Structures are given as C-alpha cells and as structure tokens.
1. Just wondering, is there one or more residues in the stretch 346-365 that are over 17 Å from L393 (Cα atoms) and in contact with a helix residue (DSSP H, G or I) (Cβ under 8 Å, 6 or more places away or on another chain)?
2. Sort out which residues of the stretch 155-199 are surrounded by 12 or more Cβ atoms within 10 Å (Cβ to Cβ) and small (G, A, S), and write them in order of number.
3. Determine, yes or no, whether V210 is surrounded by 14 or more Cβ atoms within 10 Å (Cβ to Cβ), within 30 Å of R221 (Cβ to Cβ) and touching a Ser or Thr at 6+ places or on another chain (Cβ under 8 Å).
4. Does A286 count as touching a residue at least 12 places away in the same chain (Cβ under 8 Å), part of a strand (DSSP E or B) and open to solvent by 50 Å² or more (accessible area, probe 1.4 Å)?
5. In the stretch 266-283, which residues are in contact (Cβ under 8 Å) with a residue 12 or more places away in the chain and under 17 Å from the mean Cα position of the chain (by Cα)?
6. Check R319, R360, R398, R375 and return the single one that is touching a residue at least 40 places away in the same chain (Cβ under 8 Å), surrounded by fewer than 17 Cβ atoms within 10 Å (Cβ to Cβ) and over 16 Å from D263 (Cα atoms).
7. Criterion first (among the aliphatic types (A, V, I, L, M) and open to solvent by 50 Å² or more (accessible area, probe 1.4 Å)) does I344 satisfy it?
8. Out of the residues in the stretch 253-267 that are assigned to a loop (DSSP other than H, G, I, E, B) and surrounded by 12 or more Cβ atoms within 10 Å (Cβ to Cβ), state the one that is modelled with the highest pLDDT.
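The values are calculated or read from the model by the stated rules, or taken from the named source; none is laboratory data. Note that this is a predicted model, so its numbers are computed, not measured. Neighbour counts are summed over all protein chains in view; Cβ atoms, including those assigned to glycine, are modelled from backbone coordinates with ideal geometry. Side chains included, ligands, DNA and RNA excluded: accessible areas come from the protein's heavy atoms. Shrake-Rupley method; radii C 1.70, N 1.55, O 1.52, S 1.80 Å.
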Amino acid sequence: MRAAGNPIPTLTPLRRVAPVSAAASGPTPLRRPDAPPPWRQPRLWAAAAVLVAVLAGVGIWQRQRGPREADLGAYTALATSGELPGVVSASGELEAEQRVNVSPKRQGVLEELLVEEGDVVRRGQPLARMDAGDLNERLSELKAQLRSAEAQLARSRSELERNERLFRERAISLSDYNAVRSTYEVDLAAVQAARQRLEARRVEQQELIVRAPFDGVISQRFADPGSFVTPTTTASATAGATSSSIVELSQGLEVVAKVPESDIGRISVGQPAQVRVDAFPERSFAARVRRITPRAVKLNNVTSFDVFLEFPEPQPDLRIGMTADVGFQTGAVQARTLVPTVAIVTEEGRPGVLLVDKDRQPRFQPVELGISGGRDTQILSGLEPGTRVFIDLPPWSRRRR
C-alpha cells in the first residue's frame, strides 16, 4: 500500500560507458614497422665510444698532470748545513755502586731472617741469626774447665808461696822449689788456654748474628729459615755464590754503559750525559762519567769499554737492573750536509735518501752517514746541501707498490 502524497519514482536505465582508447589519452609517436630498436642503432654506439675515449684521455691527462703539479712541500725537505749537538749514544744498565752477597762466617743452618727485600739497613744492624747447634753446651763445658783450671792454679799458687818462704829460710832445696814453681806455671798455662778456648766460643756465638757490613738496601734475598748456608765470596755474583748466601746488600746507584771502541776516544771522566730508561720515557736523568775501564770487552765480535756514570743527585725512582740509553754530550759538531733523520732509508742493506727525479718520483741515492743529533743526521758523502729529499712517500709514488 503506498503512502498518500508520495509518488513512486521513475527508474532511469543505466547506459554502458565505452572504454577510453589509448588514442584518446594523447598522441603516440609513429615508428616505421621495419625500423631497428634504439640499442641497435650505429649512431648511438659511435657517440658512446667517443665519450669513453674522451673520459679515458682526461683520466690519463690528470694522472700525468698530478705528480708534476702536486705540491712537494709536504713530502720533501732540503738538505742543509749547520751544527749538530755532539752526542755519543750507548746502551747500559743500572747497577749498585757497592754490592755484596752477605753470608755467615761459618757454615750452618739459618734459624731466623730479620729483614726483607727493600729494607733500608744500617751498618752493624742484625740481618739474620744462625742455628747455635751444640755451641751452648760447649760453652758450658769450657766454663767448667776454666773454673777447674783456676781452682788448680789457686792451689799451685798457694803451694808456690809456701815453698818460696821455705826456700828463703833454706828449709828446702832449690830443686824442690823449682819443681813446685814448674807445677804452678803449668797450671797457669792451663788456665790461659781454657780462657782462650772459651773466648773463641764466645766469638763464635756472636757470629751467629749476621750483621750488615755497611749502610744500604736489601736488594735480593737468597735464603729462608732452615736453609743451609756457607761462607762465600761476598762480591761474587755467580749462581754458586748466591745459592749459599743469605741476602744481597746494595749501596748507591750508577750506570754502566758499553761504549763502542770507535767512540771511546770522545769520552772523558767528568763528561756530562743524559740517561733515559724505558720505565720513564718522557724523562731524562742527568749524570756524569765517573770511571772508564782500561780494558776492552769483546762480545759477539764487538769491542766496547765499560763506562761508569754517577748521578749528581739521588734518583729514588730508578731501580737496579733497569736498562738505560745513555747520551754523552761531546759538544757541537759542524756538519756540511744535514738531512732530517726520517729521510734516511735503507736499500739492500745500504743507507741512503730518496731524491726527487724528473718525474717527481723517489729515486734512491746511497750516502755515508755521520753522527745523529736525534732530529737531524749528518751526511758525510753522497749528498750536497740544497738537494731536495723525500721525508715521506707521496700518494703518486710508485715505490708504494
């Protein structure tokens, strides 16, 4: 039933919309049906070949132009003339000025060790105590023998005094008096011998305490309580000596440098030097030559002399056994040709420098080296002042290959 006043709407039939063709979207370029595709056209290939040739030529031109026009200032330096601080370099080791291996005067068993490594001791200070063994019993026995001998001597003295009075009164003969006197002298000698034996044992008792022979530092410990130790050569550093010693006592600190035979003529007593150690690479320690050994030492076909240096001031940071590099100050040296030390290279075992050739490439030039002042090195022959040498290989160097 339809509602009053609402007419029924009339339905309009749907119309089919035709699809839009490709021609309606825009113009389409025309191509001949028999034309080849773009990648097969000769003109495009010819243009690409020309472009590649141009780029290759530009690259070659740039490579040839680079080393010729590149700035060499960052990679080279000029050989100059000037002065070098005279320095003789040598390697060495820190040692004690005085060192002994402390051992007992008599062999025996170590009962107690009173010090440790690093302890500072004074002369006469007890370091260790040895086992007394039967020494106390022998002392008691000798004391008893002395008392017995002294008692016998007292009787002999009394008898001698009585017979001496009788001899003055001519109550006894001289022969009887001499017999009594001889007995007294024998008893007196017995007392003296007993006292000497007792004194010797008392000295032995005192020697059970091992004492420091001088002021110093305990630098090494060789024995523990219960070890059997024997008297040794105190200055010996051999394994046999240290194995039977108690401790090592050191005093002072010095540097022993091995100077080559070719440089020993430039070293003299009192000469200043600088000492460097690996433990403190940023520091140098002032020293001076104290003694030069008169006899050379040959090791591995290298002849050198031991040079002893002392520190003017105590150096508590340094330790015995440290390796050291020593630079002896020998005064300024005039050098006709100087180059930076970094410019020195080796080739086939020969020292030399790298020159700048016509193509600005490094070229090896052998030279004869003189002394080195650290930053600069003297050239004796093979290079003239004003010559430019490489201190670093440039990026265009063929030597990098």
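1. Checked the stretch 346-365: no residue is over 17 Å from L393 (Cα atoms) and in contact with a helix residue (DSSP H, G or I) (Cβ under 8 Å, 6 or more places away or on another chain).
2. Once the filter is applied, which keeps residues that are surrounded by 12 or more Cβ atoms within 10 Å (Cβ to Cβ) and small (G, A, S), the stretch 155-199 yields S156, A179, S182, A189, A190, A193, A194.
3. yes
4. For A286, the condition - touching a residue at least 12 places away in the same chain (Cβ under 8 Å), part of a strand (DSSP E or B) and open to solvent by 50 Å² or more (accessible area, probe 1.4 Å) - is met.
5. Matches in the stretch 266-283: Q274, V275, R276, V277, D278, A279, F280.
6. One residue alone meets the criteria, R319.
7. no
8. Across the stretch 253-267, the extreme among qualifying residues is L253.
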